[in-house]
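Colleague: Please find one structure pasted underneath; my questions will follow.
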Amino acid sequence: MNIAKLIKFLIISCLLTSCANVSYYIGSVPSMTAEPKFNPNETYSYYDDDVSNMLEFGKFELMVSPYNTIQTDGHFELFFIPVEQHGSAQGSVGRTPFKISVSVKGQVDTTKFLPFKATLNGGLKVNEVKWRDPEPSCVYSYTDWSALKLDTVHIVKDRLRNQQEKCMKPGWVEYLLVFEATTPDPTSKFSLELFFQDIESNQTIRKNIFFNAAKFISTQTH
């Protein structure tokens with residue numbers, strides 16, 4: 001086989017299945033218990049239910065994602081053999097402020113979300129809250145954040161809203177909680193307290209969320 005044919009063969013093979021960017025991360029996973037329910041020594045994909053950032057309750061659901069993921073390693077591989085090392089990246093860890101994304105959806109007209117009552121580690125009050133209500137779109141883009149006025153309360157959107165749209169997850173509205181705190185390393189344990197209100201009974205609903213570190217792998221094939 002001459003050089004030209006060999007190169008052509010390598011390119012075709014790479015395009016089929018054998019070229020990939022492989023990255024390893026450590027991230028904080030939310031749960032309702034102080035101790036993790038997943039195996040901290042195992043490496044997961046972001047699609048594994050054991051390390052999902054989604055929490056389900058009776059009348060509403062949450063997706064909670066802290067902005068403190070660290071890339072620990074990575075490489076480009078050809079025919080499953082690493083050929084180029086990428087190295088690590090700390091992201092926002094060690095910087096101020098600390099941001100946590102909270103997406104909410106639920107039964108229509110049953111629950112209010114009180115984002116300005118959120119506290120970090122049992123005492124630090126949220127400094128700023130932004131929100132965005134994604135519009136159905138097949139273009140890969142993000143809706144701009146809008147700042148909320150102090151003490152704004154939102155009724156949780158219907159989980160069935162936009163369910164016929166093919167290009168977005170139905171129902172979710174996303175909030176960005178901003179704390180004047182140093183962004184923690186994901187190997188550090190921390191907690192978030194969120195507050196809601198039942199519309200019918202007017203009772204306050206308090207949810208304590210605990211974060212533990214999990215290891216992830218992400219593979220993008222080319």
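Where a number appears in this text, it was derived from the coordinates with a stated rule and is not lab data. Everything numeric here is computed off the predicted structure, so don't read it as measured data. Cβ: placed from backbone, ideal geometry, glycine included. Neighbour counts: every protein chain shown.
Colleague: Quick one: if the Förster radius is 41 Å, what FRET efficiency do residue 153 and residue 45 give, using the C-beta to C-beta distance and rounding to 0.05? If you can, show how the numbers build up before the last one.
Modeller: Values: r = 37 Å, r/R0 = 0.89.
That gives a FRET efficiency of 0.65.
Colleague: On full extension of the chain, what length is gained from residue 35 through residue 208, given 0.36 nm per residue of separation minus the C-alpha to C-alpha distance? Present the calculation step by step, with values, prior to reporting the outcome.
Modeller: Working: separation 173, 0.36 × 173 = 62.28 nm, distance 1.28 nm.
Computed gain between residue 35 and residue 208 is 61.0 nm.
Colleague: May I ask for the percentage of alpha-carbon pairs in region 161-222 that lie more than 19 Å from each other? Each step should come with its number before you reach the end.
Modeller: Values: 1214 of 1891 pairs.
Every Cα pair in region 161-222 considered, those over 19 Å come to 64 percent.
Colleague: Suppose each label sits 7 Å from its Cα in the direction of the beta carbon; what would the residue 132-residue 167 distance come out to in nanometres?
Modeller: A separation of 1.5 nm, rounded to one decimal place.
Colleague: If I take R0 = 45 Å and measure r between the Cβ atoms of residue 220 and residue 193 in this structure, what FRET efficiency does the formula 1/(1 + (r/R0)^6) give, to the nearest 0.05? Intermediate results must be reported in sequence, preceding the final value.
Modeller: Details: r = 36 Å, r/R0 = 0.80.
After rounding, the FRET efficiency stands at 0.80.
Colleague: Let me ask something additional. Out of region 138-222, which GluC sites (Glu not before Pro) are coil in DSSP terms and have no more than 15 other C-beta atoms within 10 Å?
Modeller: Sites meeting the loop and neighbour criteria: 165, 180, 200.
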